[in-house]
1. Conditions: (1) open to solvent by 50 Å² or more (accessible area, probe 1.4 Å); (2) not in a loop (DSSP other than H, G, I, E, B). Residue 355 meets all but one. Number of the miss?
2. Among the residues of region 210-220, which ones are open to solvent by 70 Å² or more (accessible area, probe 1.4 Å) and either in a helix (DSSP H, G or I) or modelled with pLDDT under 95 (or both)?
3. Quick check on region 368-424: of everything there that is among the charged types (D, E, K, R) and part of a strand (DSSP E or B), which residue is nearest to residue 240 (Cα to Cα)?
4. Scan (1) more than 13 Å from the ligand (Cβ to nearest atom); (2) crowded, with 20+ Cβ neighbours inside 10 Å for the single condition residue 186 breaks and write down its number.
5. Restricting attention to region 158-176, which residues are open to solvent by less than 40 Å² (accessible area, probe 1.4 Å) and either out of contact with any Ser or Thr (no Cβ under 9 Å at 6 or more places or on another chain) or within 9 Å of the ligand (Cβ to nearest atom) (or both)?
6. Would you mind stating whether residue 42 is touching a Phe, Trp or Tyr at 6+ places or on another chain (Cβ under 8 Å) and either closer than 17 Å to residue 166 by Cα or within 16 Å of the ligand (Cβ to nearest atom) (or both)?
7. Which condition number does residue 296 fail, the rest of (1) open to solvent by 30 Å² or more (accessible area, probe 1.4 Å); (2) free of Cβ contacts under 8 Å to residues at least 40 places away in the same chain being met?
8. Take the residues of region 134-156 that are modelled with pLDDT under 95 and buried (at least 17 other Cβ atoms within 10 Å of the Cβ): which is nearest to the ligand (Cβ to nearest atom)?
Amino acid sequence: MNTVDLIVAKRDGGELSDEQINWFISGVTTGEIPAEQAAALLMAIVWRGLTGRELATWTAAMINSGQRLDLSSLDRPTVDKHSTGGVGDKVSLALCPLVAACGAAVPQLSGRGLGHTGGTLDKMEAISGWRAALSDDEFLAQLQDVGAVIAAATADLAPADRVLYALRDVTGTVASIPLIASSIMSKKIAEGTAGLVLDVKFGSGAFLPDPAMGEELARTMVGLGHAHGVDTVALLTDMDQPLGLAAGNALEVAEAIETLAGGGPADLIEVTLALAQEMVELANLDADPAKVLASGQAMDAWQSMVAAQGGDPAAPLPTAKVVDHWTAPVDGVINRIDALAVGVAAWRLGAGRARKEDDVSPVAGVRLRRVQGDRVTAGEVIAELHTDDPSLLPAAHGALSSALTISEAAPKPRHLIATRIADT
Ligand code: URA
């Protein structure tokens, strides 16, 4: 077989055969297919798409490029959640122990953040001593004992995706629904979970801001999950404004802990409980996540989860050397705080990375003091900007310069959960 034939066929709107797709994914994984040819095929797919059959074969080939974990030895039902990522999205931190405390095993294999959306592992690494890398045996033992694991995916989990995603990242070929759906679902299916809840974000801070695109992605992923025997449901949720008050690693951990302790911002609690309810139903458990959260059992599961991975749940979180202020330019009511602008500001303060080799600062980020609907006066503090490096403050202020919409009219109420998708 010849990669040029595949590129030309896709470029001209043709269909690839199952043999061609299996050959390509295997050649990409082993490195036999050169990056420039792989990138050319990816660009042709961005333009021409994949048919349902091509997508099914492509995803199966990605799963089969590595190991599919077997979680059948656990005596708890397995259910996981994946979010397409957003600004201040620390839901996994509270959700994972909450659903474990409801009786499930939550095998959350996660990644690191790139760009303005934070990665779950980067957030957890703000906790002193916590380690993301677990062996398969450690992962299984923790799932059985604690019920909750947030850990780094091993090198053998859908390795084709590692190669393809790195290539897509540097060739402008991330934005394709079949490529995103196969990338996310190959990793989640290979992880071995029986149930999966997808939190597909829309709005300015989301990966795909357009709700219609988000819905198409959600339907595509739900279809792939079902085709591979994973009970999958998606919620489409609003990411036009930051979720909760904090964006940045240690700041978000602190907010997740506050939520587990019975406090926390209302929007974060609403999204966490809606996802927890879906997960509990997929796992056929008879628990009420709101009651379990209020009982303190989710906090116990969090402490066990952190301690099992070397973290000290009682250790104070690191704090920034400098805290600057972002203030309201005029009097009025806050109608909107743009999520993307807050995400970019947190990133510029050091919370995120521009290239995957970069380090992130655990302490950097933005903490809102005011939110949509609050009346403010000119000069009042809207948010704190946290960083260890004051030279980064002007760039963060620049990112926030048009983030705020203030008017005399009250804002329209925010509907956080727009749609639920359980079939295709
Ligand atoms: N996240 C992934 O894991 N893959 C994509 O393609 C996009 C977001």
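1. (2)
2. Going residue by residue through region 210-220, those that are open to solvent by 70 Å² or more (accessible area, probe 1.4 Å) are 210, 213, 216, 219.
Passing the criteria: 213, 216, 219.
3. 420
4. (1)
5. Let us first name the residues in region 158-176 that are open to solvent by less than 40 Å² (accessible area, probe 1.4 Å), namely 158-161, 164, 166-168, 173-174, 176.
Matches in region 158-176: 161, 164, 166, 168, 173, 174, 176.
6. Values: touching a Phe, Trp or Tyr at 6+ places or on another chain (Cβ under 8 Å): no; either closer than 17 Å to residue 166 by Cα or within 16 Å of the ligand (Cβ to nearest atom) (or both): yes.
No.
7. Failed condition: (1).
8. Here the residue is 153.
The values are calculated or read from the model by the stated rules, or taken from the named source; none is laboratory data. No experiment lies behind these values; they were computed from the predicted model shown. Note: ideal-geometry Cβ built from the backbone for every residue, glycine included; neighbour counts use all protein chains shown. Accessible surface is based on the protein model in full, side chains and every heavy atom, while ligands, DNA and RNA are left aside. Shrake-Rupley method; radii C 1.70, N 1.55, O 1.52, S 1.80 Å.
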